[in-house]
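What follows is one structure encoded as structure tokens, with my remarks underneath.
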Amino acid sequence: MDGINTGLLSIPPHRRGPILPRQDSRGLKRLQLRIAQERKQGHNLPMEFMHIKRDGSGVVLTFSGRLDTIASQEMKLPLRAELDRQPTNLTCNFHDVTYIGSAVLRLIFEAARELQRRNGLFRVTHCSPEIRRVFSLTGMDHLVDGAPGPEFTHETKDGTLRIFMQGRMDAVRVSEIRDSVRKIIATHRGPVRFDITAVPYAASAFVHLCIDASKITKTNGGNFGLERVCPEVSHVFRLAGLQSLLLSSV
């Protein structure tokens, strides 16, 4: 009989599964082993949403397509692997991105914060007007290359130094203004006020900046306080036991 005799029945040829030649089977195993080794070593693997290019000590991540929650799941581990390499600079190219969701924004923010802690450089480049607007609405526009950095102004009137701040005061943003703010306060003799009516969010880094400002001001014989504070930010300072710094609210 033309078939495979199992002892109980005969399987016709057309019902058999494909049987790989010995050399093909070994080749498949070698391919699987190579892919596993590349994953372990963090080599660039084909991805639909992100392409990785290393240049010296820096990394360029080129994103494309719709960066939704599904994309964030695919990117998370490869992005983590690149950060574990501790690059001195990391650039995110968004030239071909049509949409970016909150899950991917969170990954970008965390990567920027980690680079900042290592004194590295993080940049977002080639954003369309729509994508740039998303970064702006979420208070992350300072990460976009060519966008204005976090702005603040100050004036001295009747012996009081008043610093006007705006935007979300997250860890990355505070790190960019910390030194400049400290220098301005250190040269002033008298009261210091932060007007933060345009600050909708304050991370712990901003709380610490205010504590430093208070200490410097007291050393110079003045007093420090926050003016025109929104309820959300007021709550942060109350939780930290610093309600004495809140002079007025909006």
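For this structure, a couple of remarks:
- In the set (1) modelled with pLDDT of 80 or more; (2) surrounded by fewer than 14 Cβ atoms within 10 Å (Cβ to Cβ); (3) closer than 30 Å to residue 58 by Cβ, residue 124 fails one condition alone, (2).
- Test set (1) under 15 Å from residue 161 (Cα atoms); (2) modelled with pLDDT of 95 or more; (3) crowded, with 16+ Cβ neighbours inside 10 Å - residue 195 fails condition number: (2)
- Candidates 233, 172, 192 - the one that is over 25 Å from residue 118 (Cα atoms) and under 22 Å from the mean Cα position of the chain (by Cα): 233
- Just so you know, in region 86-109 the residues that are assigned to a helix (DSSP H, G or I) and surrounded by fewer than 14 Cβ atoms within 10 Å (Cβ to Cβ) include one that is nearest to the chain's Cα centre (by Cα), and it is 106.
A quick yes/no check of all residues on (1) assigned to a loop (DSSP other than H, G, I, E, B); (2) in contact with a Cys (Cβ under 7 Å, 6 or more places away or on another chain); (3) crowded, with 20+ Cβ neighbours inside 10 Å; (4) among the aromatic types (Phe, Trp, Tyr):
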| residue | (1), (2), (3), (4) |
| --- | --- |
| 164 | no, no, no, yes |
| 173 | no, no, yes, no |
| 182 | no, no, no, no |
| 212 | no, no, no, no |
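- Hey, residue 83 buried (at least 16 other Cβ atoms within 10 Å of the Cβ), in contact (Cβ under 8 Å) with a residue 24 or more places away in the chain, assigned to a helix (DSSP H, G or I) and touching an Asp or Glu at 6+ places or on another chain (Cβ under 7 Å) or not: yes
- Selection within region 153-196 - of a type in the set (S, T, N, Q) and in contact with a helix residue (DSSP H, G or I) (Cβ under 8 Å, 6 or more places away or on another chain): 175
- Each residue in region 217-233 was checked for being in a helix (DSSP H, G or I) and crowded, with 17+ Cβ neighbours inside 10 Å, and 2 of them qualify.
The values are calculated or read from the model by the stated rules, or taken from the named source; none is laboratory data. Keep in mind that this is a model prediction, so the values were computed, not measured. Note that each Cβ is placed from the backbone with ideal geometry, even for glycine, and that neighbours are counted across all protein chains shown.
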